[in-house]
Structures are given as C-alpha cells and as structure tokens.
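The structure appears below as structure tokens.
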Amino acid sequence: MEPPALTVSAAVREHLRQLCLHEFPCGTGSWNKSRFLPQTYRAWRELIPRDEDAVGPGEETVDALLGLVCSPHSPWALLEGSSAEDCFLRELAIQNPLMLKDSFFYTYFRSLRVVDKQVSLVDRDLLKFVKLEELVLCANQIEEIDTTNLPPTLKVLELYGNRMTSMECLCTRPPPRLQHLGLGHNKLLGPLESLYVTSDYWPNLISLDLSFNDLTDLQGMVAGLRTLRRLRLLVLQGNPLALVPCYRGFIIDSLSGLCMLDDIAVAPSEKHLFRGLSHSGDLLAQEARLVVTVGHVTGVLDSSVLDPEPGPQGPFITYSYYVTYEFVEDEEGKGNEYGRVLAEIVKPSPSTEQLGEDIPKEPIKEAEDSVGPGPACQSQSRELEESGASAPLPQSIDSAAELAKLRPRLDPRLCPSPGTVLFSTVRKPWSDVIACNYAMQHTLKGLVPLRAFLLSGTTVTVVEEKILSWPAVPPSPNSPSAAKKGKGETDKKGKEKNKEEKDKKGKDGKDKAGKGEKGPAKEHKGSKKKEEELRKDLRQDPPVLRVLGSGPVVLEPLLSGEPFVSTVCNFGVVRTLETDRLTLYRDSKKKSKKAKNAALEARKSKTKKSLVSVYESDYRPDPLTVEIQIQLIQGRSTEEALRGLLP
C-alpha cells in the first residue's frame, strides 16, 4: 500500500511545528507567566504584554529570551540558512505569543517556500492563504497541479525540478495575475507544449523559464510566445531546440519586446544582425552542428624501447597511437569531413557481441602494467607471444570458443556506450608531442538524443596499437606446384649464385686493395638489404590495443549557453625513469651515428653522460594529456543562421 501523498499545507504545518513557536523560549509558560494573565479575567485591551518591571522572580526578560533565540551559540538558535520569516516568527512568539493563531498565519504569509520536502500534491487548504503572492515548490515530486487550488493572488509560481510532463494541467484556471512562471528542469516534451504558452492563459506574464526540458519545436514555441505582449525575460536553454544554429537570432527577431534571453541581455546590435530572420523560419534547418577538435597529445609512453631487436624471422613490431571519443552517431551521409581532415569511425564489430564472455568486467589495468620496470614489460610481451598471438589464423573455425581464444581480450573502455559511436583520430607514430590535427563536424537531426548525450558527457581515450609482423610462410615442399617451382628456381639460383661469387671476389679484392675497410661496410649494407627484402612480404597479427589513459569530458556547459568546451584531459604519469632513459639513449645513439668527426662524437658522448645524470636527478615526467575542444555552431547573423555554418 502506497503512503498518502504529502500536501503543501501539511509541509507548511510541519515546518511551523519545527519552529517550536509555543515552547521555551517562545510562547507562554513559567518563564513569562507574570506578563500574561488568563484570558478569562482580562479584557481584550489587556492582551498587550505588561512592562518589564512587572517580571516576577524566576522569570526571564524579553531581551534575555530574544538573546537565546538570536545568539548563534544558543541551543535554541535557528539552523543556518533559515529564512527571514522564520526569524520574525520566533521573535514574535517571544514578544507577543498570543497573536500566533491560524487566522494570523493565513493573512501574514505572502510568500511560501516548500523546497525538497517530497511534496506531490497541491491541496485546497492553500486557498486559505488569502494574501499569498509567491509560491515556490522546487525539487519536489509534483507531476500535476490542480490550478483551482492555487490562490488567485499569485504573482510568482516556481516548480523547478519536479516531474511535470506537460503544462496542460496549469491551463485549467491559471492565476490571472501571474507574472513569473518557472518550470525549468522538468520533463516537458512534445510539440503541443507551444499551445499552452499563449496570452489566453497568461495575459500578464513577464518572465518565463522553461529551461532544461525536452522541447524541440522552435517555430511552434515562438509562435505561442509572440502572443505574450508583456514578456521581457525568457529562458529556453538546455532544451533540444536551443541547439540549432538559428536559435538565438530567430527568437530575438521574433520577440521584439524581449530584454533578456537565457540570462543574457538582448543588445540592439543583435536585433540589427538578425533582422528578417523570423520571416525565413521555414528555411531554417532543424539540426545541430558541433565540431570536435583534438590537438596535441603529450606524455605518451614509448613502448618500443622495451622490445628486443627483431631477428631474421621476426617479429617486426610497430607501434602507433591515436585518440578516441564517444559521440552520437551522425545522420547518414552528413558531417563525415571537416577542414579536409578525415576521421576514422570505429564501430564495434558484430563478433563483439558473441565474445561477451571474454570482455573483462573490470577495466584492464594496462597503464599500470605499462609503466612498470623493463623486465615486467618484456615478460608481458612474452606472454602475448606464448598465448598464440603470433600463430597463423586457421582458415575455418567451427567452434565459437576457439575463435574467442584467438581474439585479444577487449578493454571495456574501447567499446562505445549504447547509442553512441566511437570516433578515432588518425594513427600516428610515437613522439614527445603527437600532433593529431583532427577536426570533425557532427551534424545531428536527433536533438533529444543529443541533449541526453551532452548531459552525460563523452569519454576520451588514448590508445596504443601494437602490430606484430612475421615473414610469409613458405609453401609446403610436398605440394606438386611447390616441387616444380622449386626445381626451376634451384637451377636458376645455382647459375646466379656462381655469377655473384665471381663478381664478389673481383670486387672484394679491388676494394680491399684500394680502400681497405669498405669490404665489411658493403657486407653490412648487403645484410641490411636482405632484411628489407624480408620485410616486403610479411603477414600481420591482429593488432593488440592497450589503453594508456581514459577519462570523462563534461559537455553540459554547451546546454547552458556556452559556445564551446575546451579542456586538457590529464590522465596522470604513465612513463617511468627507465623507459625515458632508454628513449634518451636510443635518440642519442641515432645522432651519434650521423656524426662525422670523432672528436665531436666523443664530446657528445660526454655530454650524454652528464645529461643522463642530470636527467635522473631532476626527473619530472610529463603527464599523459590530450587537448580537446567541442564547439556548438551558432549563427551570429541572419546570413550565418541560414547557412548554418560559421565563416
């Protein structure tokens, strides 16, 4: 059985009870009995309290009682944040407690604030407050209101943060003198809401707040608001309709008497820039455009320094790095390119659903494993190799369990949330500062899902992609084609080998006699050439993905009127002293190979040692950071609003 609904009048009575207006030091009692005689022995003129000199022994003076109420150190003091009305009633309960009757309360209150009291019903007892002008019922559980229970003297009605899904219930018999109506942070949804914001229901409305609802029909809403001749303040931010490029200009040009829109003053220059836009409402695109820009990535861990040198049979390991972010899926054929930078859209493969058992319930601690000492990282690499990542994939697999074993375990952070798509920057090699140079324009017609996405925010992730390449597997010697081919190639290779040996002998003798040390250099060059030839025909294992850092980005300011959100995501330090030292050594080694002067090389070696010692003593690695910006495109003139794009 559900508990009875809590009414507004019941919440008011409970609040008055908590003020303890009839208990010490308020009200009447032994602490002030000499000041008040029983009403049966006194005329109405004698209800006025007696003078201070009439206070008997064992009683408190009025000043002493007021001190107990007003002193912040008193146990009878009001709680911090109490209203001025509460303080006045406590003082009145000391100075003249006989006035505190129901008739007094019903005529005294001009403002009632019942906030976060779980109220769900506006009852008829509210009509007893005959002078009530302001009613604030925010953060409650109200779904509907019977306006016949609202006092006709109301001028301000605030219902922020409730559960109202329509304004229709307010239009049965609305208060005729209402000047401000606040319905922000509710669940108003549907194009019919524009029918309930007309002068037929609110002839004296000056201020209207419908922010953070699910209103989508901009033209219909403006058509209803045009009838409110006295409207001066309007708040619609946070609604899906406020995301279209023409939003602000269309409202300013349509409502000529408006002074404030979304808490921003309407300037005369805006009225000039958006002149005539209201007559082009049918041409305006009802879609939102956002541009996502990814800048530099710093503090990336260079994992290649921990890998051993590849042998003639591999594996040849390559690393690349990219950034992913979640976003609502674009409309088909819209917004796939911006600024001539093409983005990669990473959609989950159908097999991901089949491999749900392999996805770990908790995020894999890749970043923690990657920043450990070198042997730990090498053992992890060996584990990957031993797990069969380098084995050739079979042509056909009958068992789904065998297929799951061959696929790498998926990190949940690389899977998009429901209703979103994972977008990725272009893969880049490692460097101290990786310039992504990424920009993507998203054009969306689903404004309600976009609003929900902006409220929840997006997730930015830095991913390391590791690919192992192996020489191509030669054909089986038992196959007839391979035998025939092998015989022909053997004869051909025998002739070529004899010829190469003769040429080599002549060249080696000539080089050794003339230039001495060029023979070994050519041998090294030849071995390098052979290694390059081996790399020409390689097969690649499935990429091994590792999340270096991941974190949320708050996008709610875009709904609150901000033109863009720009932030630097900081994922903490993922590099270590050992990895940075190996990277420094590798870079200095490459530079030393290019040195032509031996003295210069020795000087560089000495400088390198001192640099390493200083580097270790003052080691402060940069954290892993990503620059990201999300901009909501809004037209700044009639021309821009019609085009829907900024210049």
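The values are calculated or read from the model by the stated rules, or taken from the named source; none is laboratory data. Just so it is clear, the structure is predicted and the values come from calculations on it, not from any experiment. All Cβ positions, glycine included, derive from the backbone under ideal geometry; neighbour counts span all protein chains shown. Just the protein is used for accessible areas: all its heavy atoms, side chains included, with ligands, DNA and RNA removed. Shrake-Rupley method; radii C 1.70, N 1.55, O 1.52, S 1.80 Å.
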Original post:
If Gln141 satisfies every condition in (1) polar (S, T, N, Q); (2) over 40 Å from the mean Cα position of the chain (by Cα); (3) surrounded by fewer than 17 Cβ atoms within 10 Å (Cβ to Cβ) but one, which is the exception?
Top reply: (2)
Original post:
Wholly within the range 61-158, which strands (runs of 3 or more DSSP E) include no fewer than the required count, namely at least 2 residues that are out of contact with any Cys (no Cβ under 8 Å at 6 or more places or on another chain) and among the basic types (Lys, Arg)?
Top reply: none
**OP:** May I ask you to say which residue of Ser111, Ser82 is surrounded by 12 or more Cβ atoms within 10 Å (Cβ to Cβ) and at pLDDT 85 or above?
**Re:** Ser111
Original post:
What number of residues within the range 176-197 satisfy the criterion of being open to solvent by less than 20 Å² (accessible area, probe 1.4 Å), farther than 17 Å from Glu144 by Cβ and part of a loop (DSSP other than H, G, I, E, B)?
Top reply: 3
Subject >> Odd one out for Asp217 among (1) open to solvent by less than 30 Å² (accessible area, probe 1.4 Å); (2) among the acidic types (Asp, Glu); (3) in contact with a Pro (Cβ under 8 Å, 6 or more places away or on another chain) >> reply: (1)
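Rundown of residues vs (1) in contact with a Gly (Cβ under 8 Å, 6 or more places away or on another chain); (2) within 16 Å of Pro151 (Cα to Cα), yes/no style:
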{"position": "Leu68", "(1), (2)": "no, no"}
{"position": "Ser74", "(1), (2)": "yes, no"}
{"position": "Leu79", "(1), (2)": "no, no"}
{"position": "Gln118", "(1), (2)": "no, no"}
{"position": "Leu127", "(1), (2)": "no, yes"}
Original post:
How many of the residues making up the range 298-313 are open to solvent by 20 Å² or more (accessible area, probe 1.4 Å), closer than 18 Å to Pro543 by Cα and not in a helix (DSSP H, G or I)?
Top reply: 2
**OP:** Check off (1) surrounded by fewer than 20 Cβ atoms within 10 Å (Cβ to Cβ); (2) under 19 Å from Leu559 (Cβ atoms); (3) not hydroxyl-bearing (Ser, Thr, Tyr) for Leu210 and give me the number that stays unchecked.
**Re:** (1)
Subject >> Lone unmet requirement of (1) in contact with a Gly (Cβ under 8 Å, 6 or more places away or on another chain); (2) open to solvent by 30 Å² or more (accessible area, probe 1.4 Å); (3) part of a loop (DSSP other than H, G, I, E, B); (4) closer than 24 Å to Leu447 by Cβ for Thr165 >> reply: (1)
**OP:** Output the qualifying pairs, or none if there are none: Cβ atoms under 6 angstrom, residues six or more apart or on different chains, first residue in the range 93-112 and among the aromatic types (Phe, Trp, Tyr), second residue buried (at least 16 other Cβ atoms within 10 Å of the Cβ).
**Re:** Tyr106/Phe129; Phe109/Phe129
